[in-house]
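*Asks:* Let me give you the structure first, and then I'll get to my questions.
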Amino acid sequence: MPANKKLLVLPGDGIGPEVMGEVRRIIDWMDRRRSLSFEIEEGLVGGGAIDAVGSPCPDETVAKARAADAVLFGSVGGPKWDSLPFEQRPELGILRLRKDLGLFANLRPAVVLDPLVEASSLKPDIVRGVDIMVVRETVGGVYFGEPRGVETLPDGKRRGFDTDVYHEDEIARVARVAFDLARKRRNKVTSVEKANVMQSGRLWRAVVGEVHKAEYPDVQLENMYADNCAMQLCSRPKQFDVILGNNLFGDVLSDLAAALTGSLGMLPSATLGAVDPTTGKRHALYEPIHGSAPDIAGKGVANPCAQMLSFAMLLRWSFGLEEDAKLLEAAIEKVLAGGLRTADIMQPGMARVGTSVMGEAVVRELEKLSA
Ligand code: NAD
């Protein structure tokens with residue numbers, strides 16, 4: 001069968017290549033058993049790319065990413081490169097990809113799987129069944145707005161400042177991503193800002209309301225102040241379906257939502273660009289939310305689930321393969337329900353396993369579920 005899905009795989013540094021290896025196992029299985037044929041390229045990114053060619057994101061990697069239907073990213077960074085100046089750091093690899101591919105909407109699901117309900121720091125009855133998607137704007141707002149800087153005043157004291165700035169088109173396009181997602185989920189968007197104290201927040205609320213009225217009147221829209229949202233996430237998280245926020249609030253609230261699940265090694269993410277009106281395609285990059293975990297790299301103990309779940313997101317959002325995405329998610333949940341745990345999610349009475357045993361177990365479950 002000819003390959004019909006072009007995938008760029010960027011394993012990166014630390015545990016990146018280890019957990020990506022387990023995804024390759026799943027891709028091989030899907031090739032054989034689901035007749036999904038992927039054309040896979042690999043590329044250099046992060047510290048490994050600095051060592052090999054002197055740049056954390058070489059032009060060749062960007063070109064491959066542009067040509068691909070989707071990018072599956074591992075993680076970058078590590079102590080070896082920590083002393084480099086800021087503009088040469090491995091972490092700039094991901095920033096360049098986001099910028100050059102125009103990836104403006106970050107999707108971070110926070111799902112509390114039943115077998116891991118005890119891993120949360122909140123009470124089981126509060127988090128059981130939580131299934132939230134945080135949509136964060138990633139290329140605008142206070143992280144990029146000008147003017148910004150630290151200046152020294154005439155009296156010798158320093159003053160630091162940033163600018164939270166949004167164009168209405170930037171708000172509208174990320175709002176559409178959130179509304180589209182909600183339609184495929186439980187049809188509710190909670191848009192967060194601080195319209196009570198910030199001008200950019202007032203505009204955010206107005207534009208989200210306009211997009212809703214004109215294009216998505218069937219979706220339930222709720223506006224909420226970001227501080228209230230933080231509190232509600234900890235007290236009544238099940239009320240949320242899709243949470244939409246700007247770069248700053250989305251950053252903070254997606255970490256908070258992730259903490260509800262209690263396990264860094266389980267959390268995937270996606271970052272999407274705009275849909276090209278002529279091809280109907282969009283650039284997209286999928287990655288676990290964890291970093292390169294240098295403390296456990298090379299030991300074969302990393303949890304590969306976040307990387308595998310990132311691949312499930314890729315199947316769903318880049319290729320529309322909902323059934324295959326669900327199959328993979330179900331296989332992972334089954335393995336956990338069966339009692340296997342990597343060290344990061346270990347619980348009393350469960351069986352502690354390493355990266356590859358976890359990967360093999362997921363493939364076995366895939367086989368059983370699709371029999
Ligand atoms: P980290 O996410 O790498 O690790 C935090 C802790 O969680 C560590 O104890 C680690 O062992 C554990 N952990 C993370 N993923 C795990 C997994 N899959 N299985 C088991 N345990 C896991 O964060 P950090 O230590 O702050 O950062 C390490 C490096 O990663 C830094 O260089 C940082 O800049 C980089 N980083 C990269 C990305 C990215 O590539 N997108 C994201 C975050 C951090």
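The values are calculated or read from the model by the stated rules, or taken from the named source; none is laboratory data. Worth saying up front: this structure is predicted, and the values here are computed from it rather than measured. Note that each Cβ is placed from the backbone with ideal geometry, even for glycine, and that neighbours are counted across all protein chains shown.
*Asks:* Exactly one of (1) part of a helix (DSSP H, G or I); (2) away from the ligand (no atom under 16 Å from the Cβ) is unmet by Asp255. Its number?
*Replies:* The failed condition is (2).
Residue-by-condition table, conditions (1) in contact with a helix residue (DSSP H, G or I) (Cβ under 6 Å, 6 or more places away or on another chain); (2) of a type in the set (Gly, Ala, Ser):
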| position | (1), (2) |
| --- | --- |
| Gly140 | yes, yes |
| Phe144 | no, no |
| Thr152 | no, no |
| Lys157 | no, no |
| Asp169 | no, no |
| Arg173 | no, no |
| Ala182 | no, yes |
| Ser191 | yes, yes |
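*Asks:* Would segment 63-74 turn up any residue that is within 12 Å of the ligand (Cβ to nearest atom) and either touching a Pro at 6+ places or on another chain (Cβ under 7 Å) or of a type in the set (Lys, Arg) (or both)? Break it down stepwise before answering.
*Replies:* Of the residues in segment 63-74, the ones within 12 Å of the ligand (Cβ to nearest atom) are 73-74.
From what is left, the residues that are either touching a Pro at 6+ places or on another chain (Cβ under 7 Å) or of a type in the set (Lys, Arg) (or both) are 74.
Checked segment 63-74: at least one residue is within 12 Å of the ligand (Cβ to nearest atom) and either touching a Pro at 6+ places or on another chain (Cβ under 7 Å) or of a type in the set (Lys, Arg) (or both).
*Asks:* For segment 277-298, how many residues are under 24 Å from Ala325 (Cβ atoms) and either at pLDDT 95 or above or among the aliphatic types (A, V, I, L, M) (or both)? Spell out how you get there, then give the answer.
*Replies:* Let us first name the residues in segment 277-298 that are under 24 Å from Ala325 (Cβ atoms), namely 279-290.
Still in the running and either at pLDDT 95 or above or among the aliphatic types (A, V, I, L, M) (or both): 283-289.
Of the residues in that region, 7 qualify.
*Asks:* Just one of (1) within 15 Å of the ligand (Cβ to nearest atom); (2) closer than 25 Å to Leu366 by Cα; (3) buried (at least 19 other Cβ atoms within 10 Å of the Cβ) trips up Leu8, so point out which.
*Replies:* Condition not satisfied by Leu8: (1).
*Asks:* Hey, another quick one. Picking from Thr261, Thr271, which residue would you name as being within 16 Å of the ligand (Cβ to nearest atom) and modelled with pLDDT under 95? Reasoning before the result, please.
*Replies:* Details: Thr271 fails: modelled with pLDDT under 95.
On inspection, the qualifying residue turns out to be Thr261.
*Asks:* Right, here's the next one. If you take the residues of segment 262-300 that are among the aliphatic types (A, V, I, L, M) and in a helix (DSSP H, G or I), which of them is surrounded by the most Cβ atoms within 10 Å (Cβ to Cβ)?
*Replies:* First pass over segment 262-300, keeping only residues among the aliphatic types (A, V, I, L, M): 264, 266-267, 270, 272, 274-275, 284-285, 289, 293, 296-297.
Filter once more, so that each one left must be in a helix (DSSP H, G or I): 264, 266.
Values: Leu264: 17, Met266: 27.
Step by step, filter segment 262-300, then rank; the result is Met266.
*Asks:* Which count do you get for residues in segment 231-288 that are of a type in the set (Gly, Ala, Ser) and closer than 23 Å to Leu203 by Cα? Working first, answer last.
*Replies:* Step one: filter segment 231-288 for residues of a type in the set (Gly, Ala, Ser), giving 235, 245, 250, 254, 257-259, 262-263, 265, 269-270, 273-274, 280, 284.
Applying the additional criterion that residues be closer than 23 Å to Leu203 by Cα yields 245, 250, 254, 273-274.
Matching residues across segment 231-288 total 5.
*Asks:* Let me ask you something else. Name the pairs whose Cβ atoms lie under 6 Å apart, with the first residue in segment 282-300 and under 25 Å from Val174 (Cβ atoms) and among the β-branched types (Val, Ile, Thr), the second within 11 Å of the ligand (Cβ to nearest atom) and not in a strand (DSSP E or B), and 6 or more positions between them or separate chains?
*Replies:* The qualifying pairs are Ile289/Leu267.
*Asks:* Would you say Arg96 is among the charged types (D, E, K, R), out of contact with any strand residue (DSSP E or B) (no Cβ under 9 Å at 6 or more places or on another chain) and within 21 Å of Ser310 (Cα to Cα)? Spell out the reasoning first.
*Replies:* Working: among the charged types (D, E, K, R): yes; out of contact with any strand residue (DSSP E or B) (no Cβ under 9 Å at 6 or more places or on another chain): yes; within 21 Å of Ser310 (Cα to Cα): yes.
Yes, satisfied.
*Asks:* Check segment 22-33 and report whether any residue there is within 13 Å of the ligand (Cβ to nearest atom) and modelled with pLDDT of 95 or more. Steps first, please.
*Replies:* First, the residues of segment 22-33 that are within 13 Å of the ligand (Cβ to nearest atom): 22-23.
Those left that are additionally modelled with pLDDT of 95 or more: 22-23.
Yes.
*Asks:* While we're on this one: Regarding segment 85-105, can at least one residue be identified that is at pLDDT below 95, under 21 Å from Asp324 (Cβ atoms), away from the ligand (no atom under 12 Å from the Cβ) and of a type outside the set (Val, Ile, Thr)?
*Replies:* Scanning segment 85-105 turns up no residue that is at pLDDT below 95, under 21 Å from Asp324 (Cβ atoms), away from the ligand (no atom under 12 Å from the Cβ) and of a type outside the set (Val, Ile, Thr).
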